[in-house]
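The values are calculated or read from the model by the stated rules, or taken from the named source; none is laboratory data. Just so it is clear, the model here is predicted, and its values are computed rather than measured. All Cβ positions, glycine included, derive from the backbone under ideal geometry; neighbour counts span all protein chains shown.
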């Protein structure tokens with residue numbers, strides 16, 4: 001690392017592929033940030049979980065965690081709902097909002113076969129068990145301001161934004177983050193979702209993904225698993241063992 005890393009932002013995304021919640025502090029557990037990706041919208045016709053790769057409009061709604069631990073959806077017009085009929089009317093297809101604990105077996109999603117041809121063929125893939133993460137070994141994602149440069153960090157949906165630089169050097173190492181301990185497992189491969197427009201003024205930009213492939217081998221941020229649960233808060237230091 002080129003210098004000390006400190007927590008700048010903490011994010012939880014209660015509903016997969018929807019916008020999330022910026023937090024001052026959170027608990028890290030076996031599934032990552034508690035409540036993160038604990039719910040997802042599923043296409044009732046195909047059985048696929050919906051992501052903003054396939055349905056870009058998802059990035060204009062937000063997931064929010066209630067006090068009882070269940071998730072609700074805030075639609076672009078301000079409607080707050082958990083009702084499948086309301087969500088289906090908005091999505092333009094029959095959808096159902098489901099918690100991770102009710103989904104057994106493969107969680108199947110879709111990726112475009114060619115990042116430059118989103119209107120072409122789509123390939124299915126299976127996500128992690130437990131919370132609705134794409135990868136079981138990236139349940140907490142970490143991304144530094146040094147790596148981001150001028151890019152808007154909201155594009156990359158990291159759980160923890162770090163002030164500093166050098167997170168790639170943490171791969172294969174155990175780190176302490178606030179009161180939690182993590183094993184940093186891998187760099188995070190990136191998909192077409194990083195190019196999507198979203199609420200809050202983030203515009204469509206296909207050059208983002210092309211640059212990541214050209215300059216960073218297709219990966220941006222690092223993924224970790226939690227080996228010892230604990231709290232994390234804005235201002236906490238990340239220290240490598």
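In this structure, does residue 221 turn out to be modelled with pLDDT of 95 or more and either in a strand (DSSP E or B) or loosely packed, with under 15 Cβ neighbours inside 10 Å (or both)?
Yes.
Residues 98, 54: which one is in a loop (DSSP other than H, G, I, E, B), surrounded by fewer than 21 Cβ atoms within 10 Å (Cβ to Cβ) and touching a strand residue (DSSP E or B) at 6+ places or on another chain (Cβ under 6 Å)?
The match here is 54.
Among the residues of the range 27-51, how many are more than 12 Å from residue 93 (Cα to Cα), part of a strand (DSSP E or B) and at pLDDT 95 or above?
Of the residues in the range 27-51, 7 are more than 12 Å from residue 93 (Cα to Cα), part of a strand (DSSP E or B) and at pLDDT 95 or above.
Looking at (1) under 19 Å from the mean Cα position of the chain (by Cα); (2) part of a loop (DSSP other than H, G, I, E, B); (3) in contact (Cβ under 8 Å) with a residue 40 or more places away in the chain; (4) surrounded by fewer than 17 Cβ atoms within 10 Å (Cβ to Cβ), which is the one condition that is false for residue 132?
Result: residue 132 fails condition (4) only.
Here are some residues: 241, 166, 146. Which one is farther than 22 Å from residue 13 by Cβ, out of contact with any strand residue (DSSP E or B) (no Cβ under 8 Å at 6 or more places or on another chain) and touching a residue at least 40 places away in the same chain (Cβ under 8 Å)?
146
Is the range 191-206 home to any residue that is in contact (Cβ under 8 Å) with a residue 24 or more places away in the chain, within 20 Å of residue 30 (Cα to Cα), in a strand (DSSP E or B) and in contact with a helix residue (DSSP H, G or I) (Cβ under 9 Å, 6 or more places away or on another chain)?
Among the residues of the range 191-206, not one is in contact (Cβ under 8 Å) with a residue 24 or more places away in the chain, within 20 Å of residue 30 (Cα to Cα), in a strand (DSSP E or B) and in contact with a helix residue (DSSP H, G or I) (Cβ under 9 Å, 6 or more places away or on another chain), which makes the answer no.
Considering 162, 142, which residue is crowded, with 21+ Cβ neighbours inside 10 Å, over 15 Å from the mean Cα position of the chain (by Cα) and assigned to a strand (DSSP E or B)?
162
Looking at the structure I just gave you, is residue 6 free of Cβ contacts under 8 Å to residues at least 40 places away in the same chain, in contact with a strand residue (DSSP E or B) (Cβ under 7 Å, 6 or more places away or on another chain) and in a strand (DSSP E or B)?
Judged against the criteria, residue 6 is not a match.
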